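Enquirer: Starting off with a structure, shown below.
Every number here is computed from the coordinates shown, using simple stated rules; none is lab data. Quantities reported herein were computed from a predicted structural model and do not represent experimental measurements. A quick note on method: Cβ atoms are made from the backbone with ideal geometry, for glycine too, and the neighbour counts reach across all protein chains shown.
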Amino acid sequence: MMWTTWWIWMAGALVLAILEVLAPTHILLGFAIGAFATGGLLYIGGAAFFATSLPYTLVFFAVVSLLAWVVMRRVFGLRMEQVKTWSKEEDIND
């Protein structure tokens, strides 16, 4: 059962983190954190029911990834890449 091998989850987290550096979107970093948490939980042996059920493992991965993405979205904020328009009364240097 490959999904119960902790180092596969950790390797997946590393690959996703590297891809996040190449394409900074904060989405892959959320998945990397989820994979890291799943691998860590499997490493310490805290999840005996993960060994018997792939759906439970994937649900845990998805929930942790979603929570990590929501927290990062809250911390880093929404980018507002809009052009600032200046009125004639405003000085650009103020």
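Enquirer: Please report, for the Cα atoms of the stretch 2-76, the Rg to one decimal and the Dmax as a whole number; what are they, in angstrom?
Expert: Expressed in Å, the Cα Rg and Dmax of the stretch 2-76 come to 12.3, 37.
Enquirer: Applying the Karplus parametrisation 6.51 cos²θ - 1.76 cosθ + 1.60 with θ = phi - 60° to the phi angles of the stretch 11-27, what ³J(HN,Hα) value in whole Hz is obtained for each residue in order, glycine and proline being reported as x?
Expert: 5, x, 5, 5, 5, 5, 5, 5, 5, 5, 5, 6, 9, x, 10, 6, 7
Enquirer: Among 30-37, 16-23, how do they line up from the highest to the lowest mean number of other beta-carbon atoms within 10 Å? Each step should come with its number before you reach the end.
Expert: Working: 30-37: 21.5, 16-23: 13.0.
Descending packing order for the listed peptides: 30-37, 16-23.
Enquirer: For F76, F61, which order do you get if you count the other beta carbons within 10 Å of each Cβ and list the fewest first? Show your work: numbers first, answer last.
Expert: Values: F76 10, F61 21.
The order, fewest Cβ neighbours first, is F76, F61.
Enquirer: Label points 7 Å out from Cα along the Cβ direction at T25 and S53: separation in nm?
Expert: Each label point lies 7 Å from its Cα, and together they span 3.1 nm.
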